[in-house]
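**Student:** One structure, as structure tokens, below. Some questions next.
The values are calculated or read from the model by the stated rules, or taken from the named source; none is laboratory data. In this text the structure is predicted, and so the values were computed from the model without any measurement. No Cβ is skipped: glycine too gets one built from the backbone with ideal geometry, and neighbour counts run over all protein chains shown.
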Amino acid sequence: MAHFYAKCIDCGHEAPYTATSVSCQNCGSEWRETVYDFEKLKENFPERIKNRPFGLWRYKELLPVNNPNLDLTLGEGGTPLLKASNLGLMLGIPHLYMKDERQGPTTSFKDRQAAVTIAALREAGVQEAVIASTGNVAISYSAYAARAGIKLWAFITSLVPPVKMREVALYGTQVVKVTGNYDEAKQIAAEFARERALYVDKGVRSITTVDAMKTITLEVSEQLTEILGPPDTTRDGVPETSIYRAPDWYIQSVSGGMGPVGVLKGYSELHTMGLVDKTPKIANLQAAGCAPMVHAWKEGKTVADPVRTPRTHIATLATGDPGRTYTLLRERMLAASGGTFEAVTDEEAFKAMHILAKMEGVSVEPATAVAFAGLIKMVREGQIKSTDVVVINITGHTIPVEQEVIGDNWATDVEFPLEGIDQAMPAEDGLLAALNRVTDDRYPRVAIVDDHPHVRLLIRRILQAQGKYELFEAEDGRSALKLIRGEKPDLVILDLMMPELDGFSVLDALRSDPATASIPVIVVTAQELTTKEKQRLEGQIQSLMQKGDFVSEELLDEVRSLIKE
């Protein structure tokens, strides 16, 4: 087992680490991090781990638990890295991958945090602990605390959907529902723990939390290497010892920012051992109604101003005061490869949920949808290039627990001053239901003509994700003409480059036939057209779009603008 110790970020003091030592013995700072024997580890780390099961404890030499108790495991870690082929094609980024943390024991990447923390607490003999949560943390900790025989108190903001609270209670956790926001719930939890001298989880200030999150880095590095091959060590700046490939971008929705801090620490440690080719840029996405880190980043501030009244329906992202976490994350991003902070609206997130589910068969909760909405925004703005390898964290799809299973007395209510909280904000379910009803009631008929089946599938899914269109398909020019003349669609989406009869010829035939001359046509092509080819299309089509350069809203806008009244 490799040696590790805790080092104070503020004064540099080094000391042995146990889960019950929560602050620096020299200066009292709660901001510390683990340091491992990297010189020893880099000698044989890949060989040491290669025959172990693919899961979180595969990397036990880089985790702050001396003797992991495998009786406590629930199968955490080892989640798949899925290629988002359809969404990647839509956005023009063919190397788009999803780290599917929904497949953890409680369907959240917080399972990593809970698994390592509870293991460390059990090793330290802790029998009772306290957490504050917006839902997923409480569910994960409750599962692992139940398995370890640790009594858990969970202080949960009343903004969290009751279904998540019931799931927490199902594990035997004592739920304390706080009528207030997450920051206020943390205050009450901290005071409760202080009065009873109990361990309280402090998020990014808890060593186990950050180190647990870096296992995402370790898994992704192995998975990308298997998919794309090892890095090119002949490039400048890439160590010859590098055997793991890193993405160009790692994207995650954030509330307090703990996940990206852990991911950056993971890449820093791999880089220290010379095992990875680079550190990715980090994209942190927040809900626009509670985006203190985004505001600070855009204004060039080193400290984020708190958002006292979060105005988002996405409760799991409603942390108004990230405290020092933003400062730490900003410093480490700038010291590494950089990145960005971006915000998207609730409506954009809800829309992204539908697009992702209908295009990739992946259902996520709104917090994760924020990351996908941010991805679309960043591609539009040119921050992400077509050649970039992008990994996006997807998490959170919990199963409802019926109230009848646990009875009525599953939570204790406490009041908190509610200054400034907007009590008139409508419920998330109502807004989401309203968005679900936003479809075109005219059911336009659209013909999709392209010789590549994956392109036809992409366009079909874009339209299906946005409205109830009646769709027809043709794979070549001759069958397209037969289809269009027979069905008389309201719109044709036409590829130009097809064998035998190309799109130009199809277009000429349509315009020469009085029965089809007035049908609007959108041309979608992968090639750069010459001036002569563009002149040939003038007056014949309604729009020209490049494949890989359009996203669903742009194509949909073109479609809607052409629908006949």
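**Student:** Being assigned to a loop (DSSP other than H, G, I, E, B), in contact (Cβ under 8 Å) with a residue 12 or more places away in the chain and either surrounded by fewer than 24 Cβ atoms within 10 Å (Cβ to Cβ) or in contact with an Asp or Glu (Cβ under 6 Å, 6 or more places away or on another chain) (or both), is that true of even one residue in region 210-226? Lay out the reasoning, then the answer.
**Tutor:** Residues of region 210-226 that are assigned to a loop (DSSP other than H, G, I, E, B), as a first pass: none.
Checking region 210-226: not a single residue is assigned to a loop (DSSP other than H, G, I, E, B), in contact (Cβ under 8 Å) with a residue 12 or more places away in the chain and either surrounded by fewer than 24 Cβ atoms within 10 Å (Cβ to Cβ) or in contact with an Asp or Glu (Cβ under 6 Å, 6 or more places away or on another chain) (or both).
**Student:** Follow-up. Within region 257-265, identify whether any single residue is surrounded by fewer than 22 Cβ atoms within 10 Å (Cβ to Cβ), in contact (Cβ under 8 Å) with a residue 60 or more places away in the chain and in the same structural domain as residue 341 (by TED's automatic domain parsing), and answer yes or no.
**Tutor:** First pass over region 257-265, keeping only residues surrounded by fewer than 22 Cβ atoms within 10 Å (Cβ to Cβ): 265.
In the following step, the residues that additionally are in contact (Cβ under 8 Å) with a residue 60 or more places away in the chain were identified as 265.
With the extra rule that they be in the same structural domain as residue 341 (by TED's automatic domain parsing), the set shrinks to 265.
Within region 257-265, one or more residues are surrounded by fewer than 22 Cβ atoms within 10 Å (Cβ to Cβ), in contact (Cβ under 8 Å) with a residue 60 or more places away in the chain and in the same structural domain as residue 341 (by TED's automatic domain parsing).
**Student:** Moving on. Does residue 201 meet the test of being over 27 Å from residue 311 (Cα atoms), surrounded by 21 or more Cβ atoms within 10 Å (Cβ to Cβ) and of a type outside the set (Val, Ile, Thr)? Walk me through how you get there before you give the answer.
**Tutor:** Numbers: over 27 Å from residue 311 (Cα atoms): no; surrounded by 21 or more Cβ atoms within 10 Å (Cβ to Cβ): yes; of a type outside the set (Val, Ile, Thr): yes.
Judged against the criteria, residue 201 is not a match.
**Student:** Just one of the numbered conditions (1) in contact with an Asp or Glu (Cβ under 9 Å, 6 or more places away or on another chain); (2) outside the structural domain of residue 249 (by TED's automatic domain parsing); (3) farther than 18 Å from residue 216 by Cβ is not true of residue 76; which one?
**Tutor:** Result: residue 76 fails condition (3) only.
**Student:** Right, something else. Can you name the condition, by its number, that residue 332 falls short on among (1) surrounded by fewer than 17 Cβ atoms within 10 Å (Cβ to Cβ); (2) under 22 Å from residue 248 (Cα atoms); (3) basic (Lys, Arg)?
**Tutor:** (1)
**Student:** With the requirement that a residue be modelled with pLDDT under 95, among the basic types (Lys, Arg) and over 30 Å from residue 24 (Cα atoms), what does region 34-91 give you?
**Tutor:** Residues satisfying the conditions are 48, 50.
**Student:** Quick one: in region 474-526, which of the residues that are of a type in the set (Ser, Thr, Tyr) and within 27 Å of residue 89 (Cβ to Cβ) is farthest from the chain's Cα centre (by Cα)? Even if it seems obvious, please write down each step before you answer.
**Tutor:** So the first thing to find is which residues in region 474-526 are of a type in the set (Ser, Thr, Tyr), and the list is 479, 505, 512, 516, 518, 525.
Going one step further and asking which of them are within 27 Å of residue 89 (Cβ to Cβ), we end up with 479, 505, 525.
Details: 479: 42, 505: 44, 525: 31 Å.
This residue is 505.
**Student:** State whether the residues of region 136-152 include one that is under 20 Å from the mean Cα position of the chain (by Cα) and part of a loop (DSSP other than H, G, I, E, B). Steps first, answer last, please.
**Tutor:** Applying the first criterion (under 20 Å from the mean Cα position of the chain (by Cα)) to region 136-152 yields 136-140.
Restricting the remaining residues to those that are part of a loop (DSSP other than H, G, I, E, B) gives none.
No: region 136-152 contains no residue that is under 20 Å from the mean Cα position of the chain (by Cα) and part of a loop (DSSP other than H, G, I, E, B).
**Student:** If you check 528, 500, which single one turns out to be without any contact (Cβ under 8 Å) to a residue 24 or more places away in the chain and part of a loop (DSSP other than H, G, I, E, B)?
**Tutor:** Values: 500 fails: without any contact (Cβ under 8 Å) to a residue 24 or more places away in the chain.
Criteria check complete, one pass: 528.
**Student:** Any residue at all in region 330-339 that's in a strand (DSSP E or B) and not basic (Lys, Arg)?
**Tutor:** First pass over region 330-339, keeping only residues in a strand (DSSP E or B): 339.
Filter once more, so that each one left must be not basic (Lys, Arg): 339.
Yes, there is a match, as at least one residue in region 330-339 is in a strand (DSSP E or B) and not basic (Lys, Arg).
**Student:** Working carefully through the options 509, 526, 515, find the one that is surrounded by fewer than 16 Cβ atoms within 10 Å (Cβ to Cβ) and under 17 Å from residue 448 (Cα atoms).
**Tutor:** Just one listed residue meets the conditions, 526.
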